[in-house]
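Before any comments, here is the structure.
The values are calculated or read from the model by the stated rules, or taken from the named source; none is laboratory data. Since this is a predicted model, take the numbers as computed values, not measurements. With ideal geometry, Cβ positions are generated from the backbone for all residues, glycine too; neighbour counts draw on all protein chains shown. Accessible surface areas use protein heavy atoms only, side chains included; no ligands, DNA or RNA. Shrake-Rupley method; radii C 1.70, N 1.55, O 1.52, S 1.80 Å.
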Amino acid sequence: MSDDYLVRIGKLIRDARQHRGWTQTQLAEALATSQSAVNRIERGNQNISLEMIARIGEALDSEIVSLGYAGPMHLRVVGGRRLSGAIDVKTSKNACVALLCASLLNKGRTVLRRVARIEEVFRLLEVLNSIGVRTRWINDGVDLEIVPPAQLDLAAIDADAARRTRSIIMFLGPLLHRTEQFTLPYAGGCDLGTRTIEPHMIALRRFGLEIAATEGLYHAQVDRTVAPDRPIVLTERGDTVTENALLAAARHDGTTVIRNASSNYMVQDLCFFLEALGVRVDGVGTTTLTVHGVPQIDVDVDYSPSEDPVEAMSLLAAAVVTESELTIRRVPIEFLEIELAVLEEMGLDCDRTPEYAADNARTRLVDLTVRPSKLEAPIDKIHPMPFPGLNIDNVPFFAAIAAAAHGQTLIHDWVYDNRAIYLTDLNRLGGRLQLLDPHRVLVEGPTRWRAAEMMCPPALRPAVVVLLAMMAAEGTSVLRNVYVINRGYEELAERLNSVGAQIEIFRDI
């Protein structure tokens, strides 16, 4: 192996280790080697076998090299190009994964329309298939059919697939109705710091679920004599926490009141789906949900999840940072109104069509046209709040937008421990972002973006923000190992290319 390749591989390993938040010593312990050996590998001063590269990739959850199948996907971006035309928003990633989990409530056939074909969905399908659920893509691969077995084979669960998605945590609510004891692998997904399952347990204990966590597994035990005798008050107004409580309440034979519930888009879609299953949910769109449970659900159901407001925000940000005129169709306006109000105060030039109904007949959509604008930094800081506030997942896109605006913008991402840190990756592309603490970033604009080659951040939204900045930067950039983007976006590069971007997909060995 040439010295040049050793140096390049060493840099990839170093970047992957740093994004994982590990020291050289921690990586050495995982590999049963010494810190000095890791240091030599990262500097390109030690010969390294393909087996060792694969072991390092497994330890860091980063496909540095793949053996026996196609290698990790990278993107080569020719930036400085204007976008034009129109692009449609795909269905919601977070709604689709919640509905896949909710399909476990139903003994009948479930058909979900226009399901997002993303890695997060693929991982959940692998898990569902492993426990006996039959799934197939129908109507030219657009829609998804789900047929459960009479008895789930939970002992055969695909642990590797389960550990690569945090959505597996939403199996707890449906499964507690199917069996009195089961195990699930620890939830995975984005690297966003410590995210405890305790808020989930506070809600699910009221349905008799107790969990002991040992050796990478959740060991669940259900006491059928326990049932909610008063309203459940969630200690965290989280989306997945609310969804888990809804999934548990759906087959509880009685009425369950859930207070301090999230009313976000994916929760509303789940409520609409439960209603299609015959479960009445009062208070949809508010923070108090009243669920009239049905102990047995055996219906053939056909449901269309709504469009993804976070993808809509991604496309809006792409137009802003590339100074383009772009029409974004099928935007779920109810879940972007605060973001648009902030952007219009910053000087965004845009207009929207009259509202029309999504395929679920409940969500309100518009088509939004964005034009090149001279933006000024907002007076107030950018910070998320539970719906109807500014969406937590939309905060990172304001880092790229603020970098295109004149003045200083303070971004306070108080929800996640590490995500704000990843936003400073924009500095490698010419950004001027100062990390004030693990949750606050000061952004100075406007920015003259420059091309760079770098590893993809391990968190979904910051990874897309880096890609958008590369699209704005003159020259050719390379974004390596974009699996995390594929977790949440369907064919994003191809779709951006359809409106004028120049992004090439390539793989190493």
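So here's what we get for this one:
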quantity	calculated
Per residue value of the accessible surface for the stretch 91-301 (all protein chains in place, 1.4 Å probe), Å²	37
Protein accessible area in the stretch 91-301, 1.4 Å probe - carbon and sulfur %	46
Nitroxide proxy distance, nm - points 7 Å out along Cα→Cβ at T288 and A150	4.5
Around S373: net Lys/Arg minus Asp/Glu count, Cβ-Cβ under 11 Å	-3
Where N is the number of residues in the chain, Cα Rg divided by 2.2 N^0.38 Å	0.98
Dimensionless Rg/Rh of the stretch 84-157 - Kirkwood Rh, Rg from C-alpha atoms	1.03
Semi-axes of the equivalent ellipsoid for the stretch 458-509, Cα gyration tensor, largest first, Å	16, 13, 13
Environment charge of A86, counting only residues whose C-beta is closer than 9 Å and scoring Lys/Arg +1, Asp/Glu -1	-1
Values of log10 I(q)/I(0), in the order q = 0.20 Å⁻¹, for the stretch 395-482 under a Debye, Cα-only, solvent-free model	-0.83
Ratio of the Cα radius of gyration of the stretch 259-349 to 2.2 N^0.38 Å, where N counts its residues	1.42
Mean-position separation - Cα centroids, the stretch 364-407 and the stretch 119-136, in angstrom	35
Carbon/sulfur fraction of accessible area - the stretch 325-465, other protein chains in place, 1.4 Å, %	50
Cα-based convex hull, the stretch 1-58, per residue volume (Å³, whole number)	65
Surrounding net charge for A102, when Lys and Arg each add one and Asp and Glu each subtract one, Cβ distance under 10 Å	-2
Convex hull of Cα atoms in the stretch 91-301, direction-averaged projection (nm²)	10.5
Taking the C-alpha atoms of the stretch 342-441, convex hull volume expressed per residue in Å³	128
Portion, in percent, of the accessible area of the stretch 1-58 that falls on carbon or sulfur, probe 1.4 Å	45
Volume per residue that the Cα convex hull of the stretch 300-347 spans, once the total is divided by residue count, Å³	79
